[in-house]
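Remarks on the structure that follows.
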């Protein structure tokens, strides 16, 4: 989220009005990938099952955004890894629930 807020500020200050910019890392992760990362960070095992009947043929297993435009035109770059962001999210919730 910090990267997104920084991108919004960059766009407000330097973006070209009417242009479209993708704010993304340029990396894609499946839900299974994200669960595996959370398991490793939280040091827990997460049980889940995929209900194949709920998967639509049009669902994309992984969606990857293209950030070339915002990176080349505005020199914006993501600074936080997905692992760092997930770890910070987990820590935030641990503090709220403590």
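Taking the stated definitions as given, is residue 45 touching a helix residue (DSSP H, G or I) at 6+ places or on another chain (Cβ under 8 Å), within 21 Å of residue 84 (Cα to Cα) and free of Cβ contacts under 8 Å to residues at least 24 places away in the same chain? So residue 45 fits the description; yes.
Restricting to region 3-32, give me the number of residues that are without any contact (Cβ under 8 Å) to a residue 60 or more places away in the chain and more than 12 Å from the chain's Cα centre (by Cα). Matching residues across region 3-32 total 14.
Read the figures in this text as sums done on the coordinates, not as results from a lab. Being a predicted model, the structure only gives us computed values, none of them experimental. Virtual Cβ from ideal backbone geometry, glycine too; neighbours counted across all protein chains shown.
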